[in-house]
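What follows is a short report on a single structure.
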Amino acid sequence: MPLLEVNELKTHFHTRNGIVRAVDGVSFSLEKGQTVGIVGESGSGKSVTCYSLLGLIPMPPGKIEGGSALFDSIDLLNCGEKKLREVRGKRISMIFQDPMTSLNPYLRIATQITEPLRLHMGMDKNRALKEAIKALGEVGIPEPDKRIQMYPHEFSGGMRQRVMIAMALITKPEILIADEPTTALDVTVQKQILDLIKERQQELGTAVIFITHDLAVISEVCDEINVMYAGNIVERAKADELFQKPLHAYTRALLKSIPAMHAKGEELYTIPGLPPDVSKLIRGCAFRPRNELGDPEQCLPNKPTLKDTGNGHWVQDCPGCLA
């Protein structure tokens, strides 16, 4: 049985301009120790999917319209705030996209990193501080006993991200959600952060959901990849399989737009147009207006569904996107 099983998750935002269908029927599962990637352009619904699991969607305007997310027989979408609070931060942790806005600028790092230990593990102040100093040292922060008394603005972007990782892993969670953890970092620091997450995952046996728009990053860390577009998963496969044999036109377009895939001096490929406005009801294949690697004339007039093509490789059954 999977550690986490998400079925037909729907998260909509009710706004003055209409209903924004940010996530519109997403299903995936996560095994113990596995790393599952969710990739797609900005606005595809990646972060909203994971925020929904932890009850971090502002309600209103957000609303979980349907689906289930089973974690150890607990339905995270329908278990109530009290039960969710017991899970969130202890058994399921999250590294947020921007550590500068996720860390409280008015509180010392010591206060913020010891909070999960005192809240979830019942530790006293002194023991929690010792554990926090140890955790900072494990993520590569020099002189952790001194730096733990500093404020977030006294750390570089890479060091703040390390603090976030230490804070997320300090309770030894069963699941870690990493939301674009390397976005604002330079390439050298990116590599260090990815290695650090991998190393800590192997030590603790943690399962990881890795959210990113960077396919180059996701190819290094993920066992399985979910490609999202307009609030839906359009393709799912093992990492090697997806890179060697992409089936959906959107996946092929994403791979083609990786700079490393181009010869020196060759013009970079960009996907034409913009992602669809999910506040308007999309009838049929959402990728049809931007589909230039398939045959848009064959795109379905009804919403495509995920089909298993064998070897655990799932893809939306739209003839135009598979052409």
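The share of Cα pairs per 10 Å bin across the chain, counted from zero up to the longest distance, runs 6, 25, 32, 24, 10, 3, 0 percent.
The relative contact order of the chain comes to 20 percent, based on Cα pairs under 8 Å that sit 6 or more residues apart. For a 4.7 Å threshold on C-beta separation, the list of partnerless cysteines in the chain reads CYS50, CYS79, CYS222. Between 0 and 90 degrees, the angle of helix 125-138 with respect to the longest Cα principal axis of the chain falls at about 50 degrees.
If you count only protein heavy atoms with a 1.4 Å probe, what accessible area per residue comes out for the stretch 35-192, rounded to a whole Å²?
On the way: 7420 Å² over 158 residues.
Using a 1.4 Å probe on heavy atoms only, each residue of the stretch 35-192 averages 47 Å².
Report summary: the helix-based calculation at 222 nm, which adds -39500 (n - 2.57) for every DSSP H run with n ≥ 4 and divides by the residues of the chain, gives -9000 deg cm²/dmol. The length gained by stretching the chain between GLU267 and ASP308 to full extension, at 0.36 nm per residue less their Cα-Cα distance, is 11.3 nm.
Taken along the Cα-to-beta-carbon direction at a fixed 7 Å, the label points for ASP195 and LYS134 span 2.4 nm.
Taking a quarter of the surface of the Cα convex hull of the stretch 172-289 gives a mean projected area of 9.4 nm².
Bridge orientation summary for the chain: considering DSSP beta bridges with both residues in this region, about 60 percent are antiparallel. Pairs from the table (LYS172/LYS245; LYS63/LYS303; LYS63/LYS191; LYS83/LYS130; LYS32/LYS256) lying more than 30 angstrom apart at Cα are LYS172/LYS245; LYS63/LYS191; LYS32/LYS256.
Can you give the extra length, in nm with one decimal, that the chain gains between ASP240 and GLU292 once fully stretched, where that is 0.36 nm per residue apart less the Cα-Cα distance?
Numbers: separation 52, 0.36 × 52 = 18.72 nm, distance 2.43 nm.
16.3 nm is the gain from fully extending ASP240 to GLU292.
How many Å³ per residue does the convex hull of the Cα positions in the stretch 1-108 occupy? Intermediate results must be reported in sequence, preceding the final value.
On the way: hull volume 15.1 nm³, N = 108.
Measuring per residue, one finds 140 Å³ for the Cα hull of the stretch 1-108.
Just want to confirm a number: the relative contact order over the stretch 166-235, from Cα pairs under 8 angstrom separated by 6+ residues, in percent.
Details: 51 pairs, mean separation 22.4, N = 70.
Taking the mean separation of contacting Cα pairs over the length of the stretch 166-235, I get 32 percent.
Please report the carbon-and-sulfur percent of the accessible area for the chain; probe 1.4 Å, protein heavy atoms only, DNA, RNA and ligands left out.
Within the chain, the accessible surface is 51 percent carbon and sulfur.
Using only the alpha-carbon atoms, how far is helix 187-204 inclined from the longest principal axis of the chain? Give it as 0 to 90 degrees, nearest 10. It works out to around 70 degrees. Here the spin labels are modelled as points 7 Å beyond Cα on the Cα-Cβ line, and at LYS32 and LYS172 they lie 1.3 nm apart. Under a Gaussian network description of the chain, with springs only between Cα atoms under 10 Å, the residue in GLY33, GLY67, GLY273 that fluctuates furthest is GLY273.
Measuring r between the beta carbons of GLU220 and ASN126 and using R0 = 45 Å, the FRET efficiency lands at 0.70.
The values are calculated or read from the model by the stated rules, or taken from the named source; none is laboratory data. Just so it is clear, the model here is predicted, and its values are computed rather than measured. Please note: Cβ atoms are built from the backbone with ideal geometry, for glycine as well, and neighbour counts cover all protein chains shown. Heads up: the accessible areas ignore ligands, DNA and RNA and are worked out on the full protein's heavy atoms, side chains in. Shrake-Rupley method; radii C 1.70, N 1.55, O 1.52, S 1.80 Å.
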